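Asks: First, the structure itself, so that you have it in front of you.
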Amino acid sequence: MPRVSSKDKYIAQTFELFKREGLSLNMEQIAVSLGLTKKTLYNNFTSKENLINSVLDYFFKNLENKIQASVASNSNAIEVLLLVGKAIGEEINSLGEKVLSDFAQYRFTYHRDKSVFYDKIIRENLKRGISEGLYRTNINFDYSALFYNAAVDFFYSWNGQFNFFEQTATYFFELVKHHLYSIVNIEGRKVLDSYL
């Protein structure tokens with residue numbers, strides 16, 4: 001098992017702290033809560049913004065790992081997408097309203113191109129669904145990938161309005177369900193209906 005660095009441990013602990021307390025804590029309060037000196041915290045993170053961005057990286061890496069685990073399952077292409085939608089919703093729900101509101105309020109510049117990751121997941125799923133005889137063969141891959149990228153962009157540029165994120169799991173499940181109904185063939189429709 002790989003050794004966890006002190007910095008990685010601080011990031012994981014800060015993530016849990018933020019979920020409980022939100023992001024309004026200053027660096028001294030964070031250090032005290034983690035049982036560190038302020039100097040130790042600054043030796044690992046140059047600023048609070050750097051710490052928050054590290055926590056965001058940690059969250060999205062964990063989310064992407066859960067998505068990859070869903071994709072790697074032995075399920076068919078339809079179930080894989082349903083599992084992915086469920087994983088995304090559950091992970092975002094786990095943040096809670098307080099930390100989501102705070103992330104939106106801070107509005108730190110956080111640039112990570114997620115479209116490549118999600119684009120690859122969707123395109124591979126489309127190929128898999130076609131090869132399994134569950135999806136239509138005339139799907140426009142570009143538009144299907146764009147549909148998901150727009151949903152992902154919505155989350156990444158979220159402005160703190162809870163119109164969809166009050167029930168994140170429902171939002172992502174409905175998104176996946178809508179997409180699946182638009183791409184399945186007759187056989188795929190039977191399989192999809194059996195899951196719903």
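The values are calculated or read from the model by the stated rules, or taken from the named source; none is laboratory data. This is a predicted model, so every value here is computed, not measured. FYI the Cβ positions are ideal-geometry reconstructions off the backbone, even for glycines, and counts take in every protein chain you see.
Asks: Scan the range 91-117 for residues that are at pLDDT below 75, among the small types (Gly, Ala, Ser) and at negative phi and report the count.
Replies: Final tally of qualifying residues: 3.
Asks: If I filter the range 69-90 down to residues being in contact with a Leu (Cβ under 7 Å, 6 or more places away or on another chain) and polar (S, T, N, Q), which single residue comes out as modelled with the lowest pLDDT?
Replies: Top of the filtered list is 73.
Asks: Got a sec? Which of 120, 177, 190, 127 is in contact with a Gly (Cβ under 9 Å, 6 or more places away or on another chain), of a type in the set (Lys, Arg) and modelled with pLDDT of 70 or more?
Replies: Among 120, 177, 190, 127, only 177 is in contact with a Gly (Cβ under 9 Å, 6 or more places away or on another chain), of a type in the set (Lys, Arg) and modelled with pLDDT of 70 or more.
Asks: For residue 80, are the conditions met, namely being under 30 Å from residue 190 (Cα atoms), part of a helix (DSSP H, G or I) and not aromatic (Phe, Trp, Tyr)?
Replies: In short, yes.
Quick grid of which residues meet (1) at pLDDT 90 or above; (2) touching a strand residue (DSSP E or B) at 6+ places or on another chain (Cβ under 9 Å); (3) in a helix (DSSP H, G or I); (4) surrounded by 14 or more Cβ atoms within 10 Å (Cβ to Cβ):
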residue: 20; (1), (2), (3), (4): no, no, yes, no
residue: 29; (1), (2), (3), (4): yes, no, yes, no
residue: 39; (1), (2), (3), (4): yes, no, yes, no
residue: 46; (1), (2), (3), (4): yes, no, no, no
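Asks: Ok, one more. Output the residue which, of all residues in the range 172-187 that are out of contact with any Lys or Arg (no Cβ under 8 Å at 6 or more places or on another chain) and farther than 24 Å from residue 92 by Cα, is surrounded by the fewest Cβ atoms within 10 Å (Cβ to Cβ).
Replies: 186
Asks: Another one. Of the conditions (1) under 20 Å from the mean Cα position of the chain (by Cα); (2) over 17 Å from residue 99 (Cα atoms); (3) crowded, with 17+ Cβ neighbours inside 10 Å, residue 52 fails just one. Which one is it?
Replies: That leaves (2) as the condition not met.
Asks: Something else about it: Can you find, within the range 133-174, the residue that is nearest to residue 189 (Cα to Cα) among those that are assigned to a helix (DSSP H, G or I), at pLDDT 85 or above and aliphatic (A, V, I, L, M)?
Replies: Selected residue: 145.
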